[in-house]
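These notes are about the structure you will find just below.
The values are calculated or read from the model by the stated rules, or taken from the named source; none is laboratory data. From a predicted model like this one, the values you see are computed outputs, not experimental measurements. Positions of Cβ are backbone-derived with ideal geometry, glycine not excepted, and every protein chain shown enters the neighbour counts. The accessibility values were calculated without ligands, DNA or RNA, using every heavy atom of the protein model including side chains. Shrake-Rupley method; radii C 1.70, N 1.55, O 1.52, S 1.80 Å.
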Amino acid sequence: MKTDTHALQPASGEHAEHHAHGSRQSYLIGFGLSVILTAIPFWLVMTGVLDKQVTGLAITVLAAVQIVVHMVYFLHMNTRSESGWTMMALIFTIIMVVIGLTGTLWVMHHLNVNMMPGHDMSTMP
Amino acid sequence: MTLAVVPPQNSEPVFYVVDEHEHPEGASTMLGFWIYLMSDCLIFAMLFATFGVLGGNYAAGPAPKDLFDLPLVAVNTSMLLLSSITYGFAMLAMEKSRVGAMQAWLVITGLFGLAFISIELFEFAHMIHEGATPQRSAFLSSFFTLVGTHGLHVTFGLVWLVTLMVQVARYGLIEANRRRLMCLSMFWHFLDVVWIGVFTFVYLMGMLR
């Protein structure tokens, strides 16, 4: 069924609408948000108004938000383009990245901590 | 194809396609390029993981606080962000088939990209001059690998940009060139997304250590 409708549509218009470029307004909104979301973390770190842990958490959250802003306003991510396959590829990649990053950091951090020179093995159970 | 059972005439409607339909040229390019970008994303994720593991191992060498100049990084970030929006304007001009305006925006994009690379190379040269070479410590090895890979991507993006400008100048905004420009658009915006991770987790987090 799906292939039928695909074949019946005119070839030219179909793929053009999948890759909409957004409008001047959407680019400017994305740019404005990005400027704000870039300026705040730089300001936080350069002035040091908050303590280090809170600053670290804040800039991580702001980076995540800015990545989403870029994805939506600049890369025009949505669930409809290419019948949702770009979103599927993105979700798969995010899963791989999360597994890779957390796994690496978790394992290697503990390896690093436990293999420090001078670590007294006799204290281990 | 002929193996499909062809129902008798005037019977139930056919719910499948007997012959594969025509794919317009380049119909799958955008999805394919997106999947390439996702694989590139995995490369960067692993380089980030490496930096996350090794980023604190200074080997009694210079630490981020001794090396990084945040105002310079802020200028660099703004260069890349500006190049992203000017590329967006180039795409809008392309949609309206205004070749002159599009080429002008692409030139501006290229200049911002060139400024970004120049500032980054200046920073690297400054660090190496101070003895903070990639061989100095695990922190610097992973730093140069991660930031250098990003810079290399931007450099190749610039080469691609110039190539496409020549292509458009010679052949005009034909369908193939539009497709190529859209691929580069995705590549360019993707590099800006990666840079968000770089300035947050390498530079800003480095200053917090």
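Here the dipole of chain B is about 500 debye; that uses its Cα centre as origin and unit charges on the Cβ of Lys and Arg (positive) and Asp and Glu (negative). Here's the picture: charge each Lys and Arg Cβ at +1 and each Asp and Glu Cβ at -1 in the protein assembly as shown, and of A:Leu75, B:Ile35, B:Ile85 the one pushed furthest to the positive end of that dipole is B:Ile85.
Mind checking which of B:Gly56, B:Gly110, B:Gly88 has the largest fluctuation in a GNM of chain B, springs on alpha carbons under 10 Å? Result for chain B, Cα springs under 10 Å: B:Gly56 fluctuates most. Shielding of peptide A:102-109 by partners, expressed as the average count of other chain Cβ atoms within 10 Å per residue Cβ, is 3. Distance from the alpha carbon centroid of segment A:40-118 to that of segment B:53-87 works out to 17 angstrom. What whole-number distance in Å separates the alpha-carbon centres of segment B:22-48 and segment B:183-209? Using only Cα atoms to place each centre, the spacing works out to 19 Å. Considering only B:Ala27, B:Ala104, B:Ala45, the Gaussian network model of chain B with Cα springs below 10 Å gives its largest mean-square fluctuation to B:Ala27.
Among the residues of segment B:54-92, those with an accessible-area drop of 40 Å² or more from chain alone to full protein complex, heavy atoms and 1.4 Å probe, are B:Leu70, B:Leu81, B:Ile85, B:Phe89, B:Leu92. For chain B, the solvent-accessible area works out to 46 Å² per residue, with a probe of 1.4 Å and every protein chain left in place. Segment A:25-42: which residues show an accessible-area loss of 50 Å² or more, assembly versus chain alone, 1.4 Å probe? Buried by 50 Å² or more upon assembly, which counts only protein chains, are A:Tyr27, A:Phe31, A:Phe42. Taking square-rooted eigenvalues a ≥ b ≥ c of the alpha carbon gyration tensor, is chain B rounded, prolate or oblate, where a/c under 1.5 means rounded and, failing that, a/b exceeding b/c means prolate? In terms of gyration-tensor shape, oblate. Against the main long axis of the alpha-carbon atoms of chain B, helix B:70-95 sits at an angle near 20°. Here the Karplus curve 6.51 cos²θ - 1.76 cosθ + 1.60, taken at θ = phi - 60°, turns the phi angles of segment B:50-60 into couplings of 4, 5, x, 6, 9, x, x, 8, 8, 6, 6 Hz, with x standing for Gly and Pro. Annotation for B:Glu12 and A:Val72: the two label points, set 7 Å from Cα along the Cα-Cβ direction, are 4.5 nm apart. Couplings 3J(HN,Hα) of segment A:55-71, computed from phi: 4, x, 5, 4, 5, 5, 4, 4, 5, 4, 4, 5, 4, 5, 4, 4, 4 Hz, in residue order, whole Hz [Karplus 6.51 cos²θ - 1.76 cosθ + 1.60, θ = phi - 60°; x for Gly and Pro]. Taking all protein chains together and a 1.4 Å probe, the residues B:Val154, A:Val72 rank A:Val72, B:Val154 from largest to smallest accessible area. Taken residue by residue and averaged, Cβ atoms of other chains lying within 10 Å of the Cβ of A:67-76 number 5. Each label was represented as a point 7 Å from its Cα along the Cα-to-Cβ direction; for A:His110 and B:Phe156 these points are 3.6 nm apart. Each residue, A:Lys52 and B:Val107, gets one label point 7 Å from its Cα in the Cβ direction; the gap between the two is 4.9 nm.
Highest GNM mean-square fluctuation among B:Ser141, B:Ser28, B:Ser97, for chain B modelled with Cα contacts below 10 Å: B:Ser28. Contact order, relative form, for chain B: 30 percent (alpha carbon pairs under 8 Å, 6 or more residues apart, mean separation divided by residue count). Counting only protein heavy atoms, what percent of the accessible surface of segment B:70-208 is carbon or sulfur at a 1.4 Å probe? Carbon and sulfur together cover 71 percent of it. Association of chains A and B removes close to 4400 square angstrom of accessible area from solvent, both sides included, for a probe radius of 1.4 Å. Each stretch of four or more DSSP H residues adds -39500 (n - 2.57); spread over every residue of chain B, this sum gives -24500 deg cm²/dmol at 222 nm. Working note: Cα atoms of the protein assembly as shown, range along each principal axis, descending, whole Å: 85, 59, 34. By definition, a body whose alpha carbon gyration tensor gives a ≥ b ≥ c is oblate when a/c is 1.5 or more and a/b is not larger than b/c, and segment A:55-110 fits this oblate description.
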